[in-house]
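Chemist: Have a look at this one before I ask anything.
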Amino acid sequence: MTSLQTDGRVADGRLLTVEDLRTTFATERGPVCAVDGVSLTLDRGQALGIVGESGSGKTVLSRSIMGLLPSTARREGSIRFGDQDLLGPNAPDMSRLWGREMSMVFQNPMVSLNPVMRIGEQIAEPLRIHLGMSRRDAKATAIRLLRDVRIPEPDRRVDQYPHELSGGMRQRVMIAIALACGPTLLFADEPTTALDVTVQAQILELIAEQRAERNMSVVLVTHDLGVVAGHTDVIAVMYGGRLVEIAPTKVLFSQMRMPYTEALLQSIPRLDQKSHTRLNAIPGRPPDLHDPPRGCAFAPRCAFARDRCREEAPPLATAENPDHKFACWYPVGSPEYHETKERISAGLEIGSTS
Amino acid sequence: MSDTINRRLGPLFWIAVGWLVLISLLALLAPWLPIKDPDAYYLVRGERPPYAPSATHWFGTDQDARDMFARTIFGARVSLVIGFVAIAFGMLVGGTTGVVAGYLRGRTDRIVSFVFIVFLSFPSLVLAILITALLDRGLVTIALTLGVLAVAPVGRLARATTLSFAEREFVTAARAIGAGDRRIIIRELLPNVVIPMGALALLGMAVAIVAEGGLAFLGLSVEKGPTWGKLILIGAGSRELEKSPWIAFGPIIILFITVLSLNYAGDRVRSYFDVREIGL
Amino acid sequence: MQRLAASVMLILAVSMLTFGAMNLLGDPLFNILGPAAADTKPESLAKVAAAKELYYLDRPLPERYVRWLGDMVTGDFGVQFGSTGQPPVSELVKERFPRSLTLLVMAQLLAAMIAIPWALISAARANKPADRISTVNSFLLIAMPNFALAVILKYVFGIKLGWFPLTFKATDPWLTRVYQTFLPALTIALPAAAVYQRLLRTDLITTLQEDFILMARSKGVGRQRVLFKHALRPSLFSFITVFGINTGTLIGGSLIVENIFRIPGLGSAIVEAILREDFPVVLAIVMIITTAFVLVNVLVDAVYTLIDPRVRR
Ligand SMILES: Nc1ncnc2c1ncn2[C@@H]1O[C@H](COP(=O)(O)OP(=O)(O)OP(=O)(O)O)[C@@H](O)[C@H]1O
Ligand code: SF4
Ligand SMILES: [Mg+2]
């Protein structure tokens, strides 16, 4: 695959730097800030997990980085990809990067493939556009890619239409398309939510394997901490459009500080159950982005919230480990946290009714 | 309440309605209005008709020096009556059959639906040609012919709307308390079917008025008196268009504004009540 | 297959209606012969005898229908009674039908050629000023009666600008006749294009919101190519359906337009026949038009399978 790579690519080290990214949608009810001051970095070959409940801004964040947003969206802040400034005055033409340098696997393979176009054509399209391949070469490469993503009988499948394939197969095709031009950065936005539990693991395995083989960076978006646990190096937790905790995967699981992260962890669906059935969904609803709360956005649902939480938004602070940051006044392990915990277990206070 | 409707229907809607009221009043009161006699010859000594539009003849005159404005207003009488009678007939017959078919379902529905399909698969103008060619060309015949053509589109909408309402709670409730079919149809279903039909009536009236024009161009319109279609036809020959375009364009403008108003008003009513689109 | 059976049923029903109209509305002999039916002149009596024979008037109604239908199917449309020479109706049809067909095909081609780019442009700029203006335009065009549009186009392009001839000569070479057919075809095409545009625009806008469009964008496919290669084909369904259904309306319209632009096609044939009270001709043309219309809709079904692989077996 090295022959496919373009000049000036980052072979190693820092690939992506996002600083204070803010994405606002103009809507009829006024502006909606769906991504609010997010900063993060990603190295070549690394996998970053973005976790959060539905509506927390994971999709908007990854599409903001990629620049795949509707015209009602406005981005501020800075995004550096390799040596290119994607938001500055000299921003490159994104459609030259899409599919070639960064590509995306979508959530629902049932609706993300063109229903009236042969699979082979859909894989060949970026090859022909970006690499100028001939029709025949592109088809040969498409067959090879189908083999790479473990689709049986690729010679036959290449001429089929999406409706002739199962959901898992279609997601493999999506991955084949995304990988076609050998991108350095792959976004996978809930790539397994629409699939059967047994297929889910296979798809995640496939992405991990291709990442290792191609030294590719991956941003894995999911609402399920369990999914990212085994497949990422770093995990970023989002709530209400903000980053509320970010840490290397091991550190996060061993020393999580945000009560929200903790609540998410407790709501991991068990593998022996049908997907989407939660043991404990977090009670309450995510904040209204039209009218975000003044203090910590999680306060209305947080068992550990105190007056300060409702007055003042906690900044993203660094923990003992310099790679670990979190935004909470009374984090897991703090004296106030233990105090509340004891009171709850003593049955003196239930939830955040104060 | 009335100003919320106004806001959503939009000022253009009321302009359209205003025009429709105006043209209907003009047509209705034509004989008593201070306008010229549509059948008189206003010859001017030493000048050959047709005369171009002027302060005396707003729309000019035709080759026989008859006042085009007066003829257009009198033409409105026939054209509007045709439009009105046709759509009223279509509503009455099509609406009733459609509602009954949609309510009773089963065999009645299948037969009625098939008849509708047969009618709809006939190019409607061809059917009109056939009927008017075989019968006479009186006002009533033409109006009713166009009315027959309206039956199937109207009926189909009435049936579809009825089907969507027949399963709603208020109908089931009425049935549960022992209301008879006739009572359910009249008290529960008709009021709900009437609104989408109203929107369709406005559009259908436009279609009927245009159809009269089409028949006129085939020489099949009402034999006596001016109609919009006949007036335009007279001015539409190459020589007439070259020398005296006003003969055709006066009635064209009035006809177009009327048809446009009907279409616009119908369209607004339809989207105001959120009726799904069903083509004519 | 089921569709085909339904189509045949439909043509049968229409033929019954047509035949019924001719035989039940008034005296069939009069309908066929016109005033000659009541004459006692020897040549009229001969005509009456011939008509009785040809139209099986001495048989009961059902048998008459079956025989008449049989004749129609075998291409025997009967005899023109109104004209003196009495050439068979099929000859008249053979001469006039190609002209009407050319006009209609040209009109539909023009309409599609106008509607598709128009819809693509307005869908790409959905709800922007350009799209708003185009919506107003299509509304005006749809409301415009075809005879009025014919008069306007004739006046502007034929008389004022003189770009197009206003005559049609059957003896002219084919290409010249196509040129002469352009303005009438445009008359039919413009309102049809407006209808198609509105439909296609709506469907395109819906398609453009599908995930697979975003997916295509994320592959680096340019906006134009997304529109043409990815959005257009899946958006064509209602356009094609209405394209077929609309053929019926257009046939009606083309009869009128033929008369305004003096094209001697089926439209003028039917008007002449009505004026002559020559009903066999009227009936034949009505049957041809209806059959053509039903056939177009069968064709539309076939086209479906071409654009959507999911419909294929
Ligand atoms: N085009 C848009 N216009 C306005 N608001 C939008 C738009 N797209 C997203 N949003 C808002 O941004 C917020 C974040 O949405 P996003 O899709 O990123 O959530 P998510 O974390 O991906 O959730 P999910 O798990 O459901 O995919 C939501 O509140 C949504 O309403
Ligand atoms: S800041 Fe307060 S409300 Fe927010 S998560 Fe921490 S403890 Fe809970
Ligand atoms: Mg999402």
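Chemist: Could you say whether any residue in the stretch C:294-310 is without any contact (Cβ under 8 Å) to a residue 40 or more places away in the chain and open to solvent by less than 20 Å² (accessible area, probe 1.4 Å)? Steps first, please.
Modeler: Step one: list which residues in the stretch C:294-310 are without any contact (Cβ under 8 Å) to a residue 40 or more places away in the chain, which gives C:302, C:305-306, C:309-310.
Within this subset, residues satisfying the condition of being open to solvent by less than 20 Å² (accessible area, probe 1.4 Å) are C:309.
The answer is yes; a qualifying residue exists.
Chemist: Also, quick follow-up: Could you list, in sequence order, the residues of the stretch C:261-271 that are facing chain B (nearest Cβ under 9 Å), under 18 Å from C:Val178 (Cβ atoms) and surrounded by 24 or more Cβ atoms within 10 Å (Cβ to Cβ)?
Modeler: Taking the stretch C:261-271 and keeping what is facing chain B (nearest Cβ under 9 Å), we get C:262, C:267, C:270-271.
Among the residues that remain, those that are also under 18 Å from C:Val178 (Cβ atoms) are: C:262, C:267.
Correct list: C:Gly267 only.
Chemist: In the stretch C:236-260, how many are within 10 Å of another protein chain (Cβ to nearest Cβ) and among the hydroxyl-bearing types (Ser, Thr, Tyr)?
Modeler: Adding up the residues that qualify gives 3.
Chemist: Of the residues A:Ser78, A:Ser56, A:Ser71, A:Ser95, which single one is closer than 15 Å to C:Arg217 by Cα and more than 9 Å from every other protein chain (Cβ to nearest Cβ)?
Modeler: On the way: A:Ser78 fails: closer than 15 Å to C:Arg217 by Cα; A:Ser56 fails: closer than 15 Å to C:Arg217 by Cα; A:Ser95 fails: more than 9 Å from every other protein chain (Cβ to nearest Cβ).
None of the others qualify; the one that does is A:Ser71.
Chemist: Turning to a different aspect of this structure: Residues B:Gly90, B:Gly95, B:Gly10, B:Gly60: which one is on the phi > 0 side of the Ramachandran plot and either surrounded by 19 or more Cβ atoms within 10 Å (Cβ to Cβ) or among the charged types (D, E, K, R) (or both)? Please lay out each step first, then the result.
Modeler: Numbers: B:Gly90 fails: on the phi > 0 side of the Ramachandran plot; B:Gly95 fails: on the phi > 0 side of the Ramachandran plot; B:Gly10 fails: either surrounded by 19 or more Cβ atoms within 10 Å (Cβ to Cβ) or among the charged types (D, E, K, R) (or both).
Sole residue among the options that is on the phi > 0 side of the Ramachandran plot and either surrounded by 19 or more Cβ atoms within 10 Å (Cβ to Cβ) or among the charged types (D, E, K, R) (or both): B:Gly60.
Chemist: If you take the residues of the stretch A:283-316 that are at pLDDT 90 or above and either within 14 Å of chain C (Cβ to nearest Cβ) or in contact with a strand residue (DSSP E or B) (Cβ under 7 Å, 6 or more places away or on another chain) (or both), which of them is farthest from ligand 1 (Cβ to nearest atom)?
Modeler: For the stretch A:283-316, the residue satisfying everything is A:Leu316.
Chemist: Could you check A:Glu121 against (1) more than 10 Å from chain C (Cβ to nearest Cβ); (2) out of contact with any Asp or Glu (no Cβ under 7 Å at 6 or more places or on another chain); (3) open to solvent by 40 Å² or more (accessible area, probe 1.4 Å) and say which number it fails?
Modeler: (1)
Chemist: Quick check on my filter: what residues within the stretch A:183-201 are more than 13 Å from ligand 1 (Cβ to nearest atom) and open to solvent by 10 Å² or more (accessible area, probe 1.4 Å)? Explain how you work it out, then say what you get.
Modeler: From the stretch A:183-201, those more than 13 Å from ligand 1 (Cβ to nearest atom) are A:183-186, A:195-201; that's our starting set.
Within the stretch A:183-201, A:Leu195, A:Asp196, A:Val197, A:Thr198, A:Val199, A:Gln200, A:Ala201 qualify.
Chemist: Look through the stretch B:167-223, keep the residues that are touching a residue at least 60 places away in the same chain (Cβ under 8 Å), not in a helix (DSSP H, G or I) and not polar (S, T, N, Q), and return whichever of them is surrounded by the fewest Cβ atoms within 10 Å (Cβ to Cβ).
Modeler: B:Glu223
Chemist: List every residue pair whose Cβ atoms sit under 6 Å apart, with the two residues 6 or more apart in sequence or on different chains, where the first one lies in the stretch B:247-274 and is away from every other protein chain (no Cβ under 11 Å) and the second, anywhere, is of a type in the set (Val, Ile, Thr) and surrounded by fewer than 23 Cβ atoms within 10 Å (Cβ to Cβ).
Modeler: Going by the 6 Å Cβ cut-off, the qualifying pairs are B:Ala265/B:Val17; B:Phe273/B:Ile195.
Chemist: Condition check: touching a helix residue (DSSP H, G or I) at 6+ places or on another chain (Cβ under 8 Å) and within 16 Å of ligand 3 (Cβ to nearest atom). Does A:Val105 satisfy that? First the steps, then the outcome.
Modeler: Numbers: touching a helix residue (DSSP H, G or I) at 6+ places or on another chain (Cβ under 8 Å): yes; within 16 Å of ligand 3 (Cβ to nearest atom): yes.
Yes: the conditions hold for A:Val105.
Chemist: Within the stretch C:140-163, take every residue that is open to solvent by 40 Å² or more (accessible area, probe 1.4 Å) and among the hydrophobic types (A, V, I, L, M, F, W, C) and give me the one that is farthest from the other protein chains (Cβ to nearest Cβ).
Modeler: For the stretch C:140-163, the residue satisfying everything is C:Trp163.
Chemist: May I ask you to list pairs of residues, at least six apart or on different chains, whose Cβ atoms are under 6 Å apart, with the first in the stretch A:55-83 being in contact (Cβ under 8 Å) with a residue 40 or more places away in the chain and open to solvent by less than 30 Å² (accessible area, probe 1.4 Å) and the second being within 16 Å of ligand 2 (Cβ to nearest atom) and outside any helix (DSSP H, G or I)?
Modeler: Listed pairs, sorted by first residue: A:Ser56/A:Met238; A:Ser56/A:Tyr239; A:Gly57/A:Met238; A:Gly57/A:Gly241; A:Lys58/A:Gly52; A:Lys58/A:Met238.
Chemist: Moving on. Within the stretch A:289-299, is there a residue that is in a loop (DSSP other than H, G, I, E, B) and within 16 Å of ligand 3 (Cβ to nearest atom)? Don't jump to the end; show me each part of the working.
Modeler: The initial filter retains those residues of the stretch A:289-299 that are in a loop (DSSP other than H, G, I, E, B), namely A:289-298.
Of the ones still in play, those that are also within 16 Å of ligand 3 (Cβ to nearest atom) are A:289.
Within the stretch A:289-299, one or more residues are in a loop (DSSP other than H, G, I, E, B) and within 16 Å of ligand 3 (Cβ to nearest atom).
The values are calculated or read from the model by the stated rules, or taken from the named source; none is laboratory data. Given the structure is predicted, the values throughout are model-derived calculations rather than measurements. Ideal geometry is used to build each Cβ from the backbone, glycine not excepted, and the neighbour counts take in all protein chains shown. Each accessible area value is taken on the protein alone, full model and side chains, heavy atoms only, with ligands, DNA and RNA left out. Shrake-Rupley method; radii C 1.70, N 1.55, O 1.52, S 1.80 Å.
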